[in-house]
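S.K.: Just passing along the structure, written as structure tokens.
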Amino acid sequence: MACLQTNWQDEIERVAYGVRRRVLEHTVVNNGGYLSQACSAAEILATMYIRIMNLGKTEEPLMPGPFMPVHWYNL
């Protein structure tokens, strides 16, 4: 029985595809965005996350809390 192995290039290709998919969804939902820039940087972003950066486990929630605006008169 053949063992299914993927090399790191295949993993980067899969992650880059996911980046493009999410950016397209964001652009459609928000009626605009930086689609071209994100799609052209997808492999770079994927390579950074998969092979270069050494990210540990996160201790905080993946989704941040609501944005709290800063009013200039409170400064």
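S.K.: What residue, among those in the stretch 36-75 that are among the aromatic types (Phe, Trp, Tyr) and more than 27 Å from ASN7 (Cα to Cα), is nearest to the chain's Cα centre (by Cα)?
M.R.: PHE67
S.K.: Oh, and also: Go through (1) exposed (fewer than 10 other Cβ atoms within 10 Å of the Cβ); (2) farther than 21 Å from ILE12 by Cβ; (3) modelled with pLDDT of 90 or more for ILE52 and report which single condition fails.
M.R.: Looking at each condition in turn, ILE52 falls short on (2).
S.K.: Which of the residues spanning the stretch 47-61 are among the basic types (Lys, Arg) and within 22 Å of ALA16 (Cβ to Cβ)?
M.R.: ARG51
The values are calculated or read from the model by the stated rules, or taken from the named source; none is laboratory data. All figures in this text were calculated on a predicted structure; none of them were measured in a lab. Note that each Cβ is placed from the backbone with ideal geometry, even for glycine, and that neighbours are counted across all protein chains shown.
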